[in-house]
């Protein structure tokens, strides 16, 4: 890495040719040689006169270190002691799922017009490392060049872009203090429950005077309590199936899982519910229950830090238990392509416990396994078809246990299923 001013090839060429021309003019007595090399001599003299006296320094920064996928920011270059320079050139390397403007990442400008900037847009969630950047400065008359100096790539936290998602469905078993969901118990809410005779302890403002006047006995209107709900998001990160094309392209299974989890969490926080996160496979990240926009920010950061098990070289044994630690009244939402036996076991065991359990199928329709070079494609295709047949059997088994499976399709995906689970939760149950 060069960090000092050095003469350019232009200045070296002008000096050599100028000296040769002057020598030929003096020795051979040919004034035409002096005329030919005169411009080169003038150029070399002006370039030497603009020789820099100070060593500059360069620092690259970005305006935002945390963005949602698809958003954009600006990479700026800060120069110190660069008054002797006339032109600056920046060249940023190519990084995965990072778009730049200009597209090739190269920009050059005179310093009198300002230091050039690069526009950056991450196209996929996760921790993105920008490409290494090379910076070079040139003095007047292109006599001296500083660099190119390699600046390390900067890291960004790219949050998953939550799709437009709203749910008007009733939560099956709300168990909280205060919220927007109608509870199964009678309390001081606003949802009408019934009319009964007045009892000691009832509020006077609850007296129904119309019924009381007709029956000549005091009657009170009862309402249902309104509570918040607990939602546990379980993200399957054992493997990533399919190919990701970024925010504007095709989505892999992990893309669908992470973006759907972000959308569900944002909708739940907007309604005042408590949300928790459990990542199965990969990093195995856990996030306790919480509410509010600050908790949503922590949850999105946890989702952005997810790496698949194959990418992080971390595998999950098919027989390994996966404890969820879900309490009563929690709605468990599993986002998985259902290609791992451990995830199907988690869904079945949670449904048997009586917790409202919902499986969101995130396997892309055109997903295909990544094949190593030494694997026969025909044999791999046969194995993939057999694995999909086994997956259909798992889906049928979950349906038989009363655990619904629905494919993610954006707004309204969970409404019908949650309404069925809420009606089922109000039915009497017999526990052995």
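The values are calculated or read from the model by the stated rules, or taken from the named source; none is laboratory data. What you see is a predicted model; the values in this text were computed from it and never measured. Here the Cβ positions follow ideal geometry from the backbone for every residue, glycine too, while neighbour counts run over all protein chains shown.
Brief remarks on what is shown
- In the set (1) modelled with pLDDT of 80 or more; (2) surrounded by 12 or more Cβ atoms within 10 Å (Cβ to Cβ); (3) under 18 Å from residue 241 (Cα atoms), the condition left unmet by residue 356 is number (3).
- Checked against the criterion of being crowded, with 21+ Cβ neighbours inside 10 Å, more than 24 Å from residue 407 (Cβ to Cβ) and in contact with a strand residue (DSSP E or B) (Cβ under 9 Å, 6 or more places away or on another chain), the candidates 285, 274, 298, 307 yield just one match: 274.
- Members of the stretch 92-115 found to be surrounded by 14 or more Cβ atoms within 10 Å (Cβ to Cβ) and touching a residue at least 24 places away in the same chain (Cβ under 8 Å), listed by number: 92, 93, 95, 97, 98, 99, 105, 111, 115
- Test: residue in the stretch 81-91 that is surrounded by fewer than 16 Cβ atoms within 10 Å (Cβ to Cβ), closer than 24 Å to residue 142 by Cα and assigned by TED's automatic domain parsing to the domain that holds residue 146: yes
- Residues in the stretch 255-269 that are under 16 Å from the mean Cα position of the chain (by Cα) and closer than 15 Å to residue 300 by Cβ: 255, 257, 258, 259, 260, 261, 262, 263, 264, 265, 266.
- Taking the stretch 391-432 as the range and being in a helix (DSSP H, G or I), surrounded by 14 or more Cβ atoms within 10 Å (Cβ to Cβ) and at pLDDT 80 or above as the test, the residues that pass are 391, 394, 395, 398.
- Considering (1) over 30 Å from residue 246 (Cα atoms); (2) touching a residue at least 40 places away in the same chain (Cβ under 8 Å), the lone condition that residue 31 does not fulfil carries the number (2).
- Of all residues making up the stretch 349-386, the number that are within 30 Å of residue 233 (Cβ to Cβ) and either outside any helix (DSSP H, G or I) or in contact with a helix residue (DSSP H, G or I) (Cβ under 6 Å, 6 or more places away or on another chain) (or both): 18
- Some residue of the stretch 45-63 being under 30 Å from residue 303 (Cα atoms) and surrounded by 13 or more Cβ atoms within 10 Å (Cβ to Cβ): yes
- Hits in the stretch 120-141 - residues which are surrounded by fewer than 18 Cβ atoms within 10 Å (Cβ to Cβ) and in a helix (DSSP H, G or I): 140
- Residue in the stretch 270-283 that is part of a helix (DSSP H, G or I), more than 17 Å from the chain's Cα centre (by Cα) and without any contact (Cβ under 8 Å) to a residue 40 or more places away in the chain present: yes
Matching residues to (1) within 18 Å of residue 240 (Cβ to Cβ); (2) at pLDDT 90 or above:
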position	(1), (2)
255	yes, yes
267	no, no
272	no, no
310	yes, no
313	yes, no
318	yes, no
338	yes, no
